[in-house]
C-alpha cells in the first residue's frame, strides 16, 4: 500500500513541479504583453503578443488569405513587415523571392508578434470578411462544371468589385481529413449584394472541388471569406478585350453583368474558348448580354470539336481568334482569365498588336 | 557501473551505435526534414543539444529520485515528462532572450519534443548502467551521430532530386530505402569500436 502512495506522490510531485515551472515561465518569459500593430500607417490594432501575425490579425477580423491554415505550406499569407518581426525564418525562405525579401515580405503565419510592428497589406483586405452562406442552388453547367449560387442570411451584404474572387472553406469529409480554403472567382454581379455565384470545375483529387461536386447539397451552409484580388473592372473609356477559357468565364461574366446594370456602353469583345460543344456553358446568358449591351460582341471557339458537336462556329484556340479578329489594340485594355498557359500565350499577342502592358489585366487560375 | 572509457562511448554512439542507422530511432523528423542540408544541420544541432542535456537531467532524476524511492519502473513516464517540460522551457527562454539562436535552432525545438531518439538515449543509458560522464558522452555522441546521418541524407536527397524515381517511391519511400543502404554502410564501422 505504501509503495503505491509513494509512487503516486512522487510522480505527482515531479509532474507538479515541472508544471509549476512551466506556468511560471509562461507567465514571465513567454509573456510579451500587449503589442501594437500599425497597418498601412493608419490603422492600429492592439493584440496579445507571442502569437503568430496571421492569427493575431484574424483575431482582429483582418483576413489575410491563407490556404493551408498556418502550416507554412501555401505561401498565400504574405504581408510586408516594415518594422518589427525580426529576421526571416528558414521555414519562409521557400516562398519568399529574394526581391520580396528585400522589401520585407514575410509569411504572416510564421512571423510572431513579439514587439510593436508596422505592416503593409493591400487596402482591399480591410473589406475582407467571413460570411456564412447557404447554398441556394447547385446546377450542372457541363459534366465537369457546377454552377453554385450562395445566398447570405437576412440583413447581411457583401461588397466586391466585378472580377474579384472569394475563398470557400471545404470542411472535412470522408476522404479528406483537413479543412481547405480554395479560391473561386465570383460570376455574379456586384450589384447583387445578397449572393455570390461561382463556377466550380471538377479537378481530379481536388479537395474542395470534390467536396462541392460530391458532398455539397442545396440548403447546406458554406463558409466564404473574401473578397480578394486585384483583377477587377477598370473605369476608363478604352475598348475592352476579354479572353477566357473554361471556368475563367466567371469574373468576365461578373464584369459584363456589372456593365449591364450600370449601362456602360464601352466596346467589348469577349473571346471564349472551350474544347468541345459539351464544354460550353451559360451561352443563353451571354446571348442575352449581347442583346442588352449593343457594343458587346462574343467570339466563341472550340479547339477540338467532334462530329457529335455539330459545330458551325469558329474552330481553334483563343489565340487564333485574337490573331484573326483583333487588329489594332493600342487603345484597348484586356482582361484575361484562365489557365496560366493560356494567359502566358495571350499576353505576347496583345503586346504585338500594340497593347501597352499596363493595360493587360489577368487572373491566372492555378 | 561498467568500465568503458567515455570517449569510446562517444565515438561508438556516433558511428557504430548510431541512433538512426543501428537503432532506427528518431525516424520521423529524420525523414521529414532531410530535404534541405541547412535545415537538417540546424535540426541536428537542436537534437544534439537536447540529447546532451536531457541525458544528464534524466540521469540525475533517475539516480537521485527514482532509485532511492524504488520507483525505477516509472522511468518511462518520468523521462517523457522531463524531456517535454525541458524542451518547452528551453524554447521559451531561447525565443525570448537569444533571438539569433531562436532563428537557427529554436523553431525546431517543438519538432523534437517527441523524438524517440531522445527517450531512447535516456533509456539505453539506464539499461547499460552508464555513469554520469558516460551518459553525457553517450547523449552528446548520439546527437552528433544523428546530425551526421541526417545531413548525409539531405546531401544524398539533393543529389537525387532530378532522378527518375518510380512514382510510388517518391519522398518517404526512397528515403527509407536509402536509409537502409546507409545503415549497411555504417555497419562497416562496427570493427572500430563496440559497445553494448
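Looking only at residues in region A:28-77 that are surrounded by fewer than 15 Cβ atoms within 10 Å (Cβ to Cβ) and more than 29 Å from residue B:90 (Cβ to Cβ), which one is nearest to the other protein chains (Cβ to nearest Cβ)?
Of everything passing the filter in region A:28-77, A:46 is nearest to the other protein chains (Cβ to nearest Cβ).
Within region A:251-366, which helices (runs of 4 or more DSSP H) (wholly inside it) include 2 or more residues that are closer than 30 Å to residue A:195 by Cβ and in contact with a helix residue (DSSP H, G or I) (Cβ under 6 Å, 6 or more places away or on another chain)?
On the way: elements: A:283-292, A:318-325, A:340-352.
Counting at least 2 such residues, we get A:283-292.
Any idea how many residues of region B:70-90 are closer than 26 Å to residue A:1 by Cα and within 10 Å of chain A (Cβ to nearest Cβ)?
Residues in region B:70-90 being closer than 26 Å to residue A:1 by Cα and within 10 Å of chain A (Cβ to nearest Cβ): 7 in total.
Working only within region A:85-112, note down all residues that are more than 12 Å from every other protein chain (Cβ to nearest Cβ) and assigned to a loop (DSSP other than H, G, I, E, B). Break it down stepwise before answering.
First, the residues of region A:85-112 that are more than 12 Å from every other protein chain (Cβ to nearest Cβ): A:95-109.
Hits for region A:85-112 are A:95, A:96, A:97, A:104, A:108, A:109.
Residue under question is residue B:52, and the condition is that it be part of a helix (DSSP H, G or I) and over 30 Å from residue B:194 (Cα atoms); does it hold? Walk me through it before giving the result.
Working: part of a helix (DSSP H, G or I): yes; over 30 Å from residue B:194 (Cα atoms): no.
It is false that residue B:52 is part of a helix (DSSP H, G or I) and over 30 Å from residue B:194 (Cα atoms).
Tell me which of these residue A:149 doesn't satisfy, since it passes every other one: (1) touching a helix residue (DSSP H, G or I) at 6+ places or on another chain (Cβ under 7 Å); (2) more than 29 Å from residue A:29 (Cα to Cα).
Failed condition: (1).
Conditions (1) more than 18 Å from residue A:200 (Cα to Cα); (2) surrounded by fewer than 19 Cβ atoms within 10 Å (Cβ to Cβ), marked per residue:
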{"position": "A:272", "(1), (2)": "no, no"}
{"position": "A:287", "(1), (2)": "yes, yes"}
{"position": "A:307", "(1), (2)": "yes, yes"}
{"position": "A:325", "(1), (2)": "yes, yes"}
{"position": "A:332", "(1), (2)": "yes, no"}
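Condition check: in contact with a helix residue (DSSP H, G or I) (Cβ under 6 Å, 6 or more places away or on another chain), in the same structural domain as residue A:162 (by TED's automatic domain parsing), assigned to a loop (DSSP other than H, G, I, E, B) and closer than 29 Å to residue A:129 by Cα. Does residue A:185 satisfy that? Let's see the steps before the verdict.
Working: in contact with a helix residue (DSSP H, G or I) (Cβ under 6 Å, 6 or more places away or on another chain): yes; in the same structural domain as residue A:162 (by TED's automatic domain parsing): yes; assigned to a loop (DSSP other than H, G, I, E, B): no; closer than 29 Å to residue A:129 by Cα: yes.
Judged against the criteria, residue A:185 is not a match.
Taking residue A:19 as meeting all but one of (1) at pLDDT 85 or above; (2) more than 10 Å from chain B (Cβ to nearest Cβ); (3) within 47 Å of the chain's Cα centre (by Cα); (4) loosely packed, with under 14 Cβ neighbours inside 10 Å, write down the number of the exception.
(2)
Between B:66, B:57, B:109, which is within 14 Å of chain A (Cβ to nearest Cβ) and either out of contact with any helix residue (DSSP H, G or I) (no Cβ under 9 Å at 6 or more places or on another chain) or surrounded by fewer than 20 Cβ atoms within 10 Å (Cβ to Cβ) (or both)? Please lay out each step first, then the result.
Details: B:66 fails: either out of contact with any helix residue (DSSP H, G or I) (no Cβ under 9 Å at 6 or more places or on another chain) or surrounded by fewer than 20 Cβ atoms within 10 Å (Cβ to Cβ) (or both); B:109 fails: either out of contact with any helix residue (DSSP H, G or I) (no Cβ under 9 Å at 6 or more places or on another chain) or surrounded by fewer than 20 Cβ atoms within 10 Å (Cβ to Cβ) (or both).
On inspection, the qualifying residue turns out to be B:57.
With the checklist (1) in a helix (DSSP H, G or I); (2) within 18 Å of residue B:182 (Cα to Cα); (3) within 12 Å of chain A (Cβ to nearest Cβ) in hand, flag the one item residue B:12 doesn't pass.
So residue B:12 meets the others, but not (3).
Under 7 Å between Cβ atoms, at least 6 apart or on separate chains: pull out the pairs that start in region A:92-108 with a residue that is in contact (Cβ under 8 Å) with a residue 24 or more places away in the chain and end on any residue that is part of a helix (DSSP H, G or I) and buried (at least 19 other Cβ atoms within 10 Å of the Cβ).
Sorted first by the residue in region A:92-108, then by its partner, the pairs are A:108/A:53; A:108/A:54; A:108/A:57.
When you scan region A:197-216, do you find a residue that is outside the structural domain of residue A:360 (by TED's automatic domain parsing) and farther than 23 Å from residue A:172 by Cβ, even just one? Spell out how you get there, then give the answer.
Step one: list which residues in region A:197-216 are outside the structural domain of residue A:360 (by TED's automatic domain parsing), which gives A:197-216.
When the remaining residues are screened for being farther than 23 Å from residue A:172 by Cβ, the result is A:197, A:199.
Among the residues of region A:197-216, at least one is outside the structural domain of residue A:360 (by TED's automatic domain parsing) and farther than 23 Å from residue A:172 by Cβ, which makes the answer yes.
The values are calculated or read from the model by the stated rules, or taken from the named source; none is laboratory data. These numbers come from a predicted model, not from an experiment. Glycine also receives a Cβ, built like all others from the backbone with ideal geometry; neighbour counts cover every protein chain displayed.
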